[in-house]
Amino acid sequence: AIASAKLNTKTNSISTSVKEPSLIEAYQNQFRTRDIPETREKSCLNIKYDEQLPTASVIIIFHNESAEILSRTIRSVLHKSPPHLLEEIVVVDDVDPKYLDAVIRIDPKVVVIHNTKREGLIRSKIIGADVAKGSVLVFIEAHCECQYGWLEPLLQTVKDNFTTVAVPIVDVIMDDDYVYRYATIARGGFDFNLIFKWIPMTHEPRGPTDPVPMPCMSGGLFAISKKWWNILGKYDPGMDIWGGENVEISVRIWTCGGRIHIVPCSHVGHVFRKGWFPYSWGDLGHSMTVLKNRARLAEVWLDDFKEYFY
């Protein structure tokens, strides 16, 4: 689940592996040489950020990920982030069937954690955050490509108010052609089934670089103060794999007095897969796992309103 790109829910998947070896080779070669299009508003290029910004720990989780795409993601973070702001990249191997340390350990700033058993995306993010040393936790997926200038707007937003969670605009890279496409802003929300929904933006007055408040993030990419993350209590460790945790943490953020902002000057490309998963959902399967997660959210946070969920 990813924020700020308006997509059909059938394509709104978490992990991506390339199906055809020819595409893997072409994609790897393209990454070595290509320049992605500039998708930021021109006015973003003129913004001056504070010289003293908090440092970031970028947290990446992978399980059965393409080695080439994972390498590309890590290199993208390294190449597109100011070195003095990037504390580390924490990469959590959630028992990937391949041994990818040679792909991952490409820089001293890369910290690798190997789970001893499959934990799923939610608990793996908790594990990565627990060891992170940066003041700000920046979660991204294992199949992304960062724009230049992606990190500074997120860190500035969190510095200005440590209870604000900053979400980039997530540009679209489809898994059938790997073309980098600009994504427009859409506000995230949810219904009483606790399913994430995109809410069309109205013609409200706002500048092209102004942050956009929203009640819910889709959850794959966001920056949060580690202090605020710990105050909130992190993710619910009783949720499995992924699904529903984005709504749960969003409800927790604003119920506890925080807020969520889309930051238009931060863009990150994400590879979207067309409705297939390269991993197992366990005994319950996909639908029941996500339903169980949403039920935990209803029981904990909705009080008398949980009847609308059931």
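When ILE47 is tested against the conditions (1) in contact with a strand residue (DSSP E or B) (Cβ under 8 Å, 6 or more places away or on another chain); (2) surrounded by 16 or more Cβ atoms within 10 Å (Cβ to Cβ), the lone failure is (2).
Taken together, the residues in segment 153-189 that are open to solvent by 50 Å² or more (accessible area, probe 1.4 Å), of a type in the set (A, V, I, L, M, F, W, C) and within 23 Å of TRP228 (Cα to Cα) amount to 1.
Could you look through segment 292-304, keep only residues that are free of Cβ contacts under 8 Å to residues at least 24 places away in the same chain and open to solvent by 70 Å² or more (accessible area, probe 1.4 Å), and pick out the one that is nearest to GLY233 (Cα to Cα)? Among residues in segment 292-304 that are free of Cβ contacts under 8 Å to residues at least 24 places away in the same chain and open to solvent by 70 Å² or more (accessible area, probe 1.4 Å), the one nearest to GLY233 (Cα to Cα) is GLU299. For segment 226-250, filtering for residues that are surrounded by fewer than 18 Cβ atoms within 10 Å (Cβ to Cβ) and of a type in the set (A, V, I, L, M, F, W, C) leaves 1. Residues that are in a loop (DSSP other than H, G, I, E, B), closer than 20 Å to VAL170 by Cβ and not β-branched (Val, Ile, Thr) within segment 182-197 comprise TYR182, ALA183, ALA186, listed in sequence order.
For segment 79-97, which positions are open to solvent by less than 40 Å² (accessible area, probe 1.4 Å) and in contact with a strand residue (DSSP E or B) (Cβ under 9 Å, 6 or more places away or on another chain)?
If the condition is that a residue be open to solvent by less than 40 Å² (accessible area, probe 1.4 Å) and in contact with a strand residue (DSSP E or B) (Cβ under 9 Å, 6 or more places away or on another chain), then LYS80, SER81, LEU85, LEU86, GLU88, ILE89, VAL90, VAL91, VAL92, ASP93, ASP94, ASP96 are the ones that fit.
Within segment 98-109, residues that are over 9 Å from ILE74 (Cβ atoms) reach partners that are surrounded by 13 or more Cβ atoms within 10 Å (Cβ to Cβ) with beta carbons closer than 6 Å, at six or more positions or on different chains, in the pairs LEU100/ALA67; LYS109/GLU88; LYS109/ILE89. Residues being at pLDDT 90 or above and assigned to a strand (DSSP E or B): count how many of those fall in segment 198-228. Total meeting the criteria: 6. Here is the figure for segment 94-121: residues that are closer than 18 Å to ALA56 by Cα and assigned to a strand (DSSP E or B) total 4. VAL268 falls short on exactly one of the conditions (1) open to solvent by less than 20 Å² (accessible area, probe 1.4 Å); (2) out of contact with any helix residue (DSSP H, G or I) (no Cβ under 7 Å at 6 or more places or on another chain); (3) over 25 Å from PRO153 (Cα atoms); (4) not hydroxyl-bearing (Ser, Thr, Tyr), and that condition is (3).
The values are calculated or read from the model by the stated rules, or taken from the named source; none is laboratory data. Here the structure is a predicted model, which is why all the values come from computation and not from measurement. Cβ coordinates were reconstructed from backbone atoms using ideal geometry, including for glycine residues, and neighbour counts include every protein chain displayed. When the accessible area is computed, the model is the full protein with side chains, heavy atoms only, and any ligands, DNA or RNA have been set aside. Shrake-Rupley method; radii C 1.70, N 1.55, O 1.52, S 1.80 Å.
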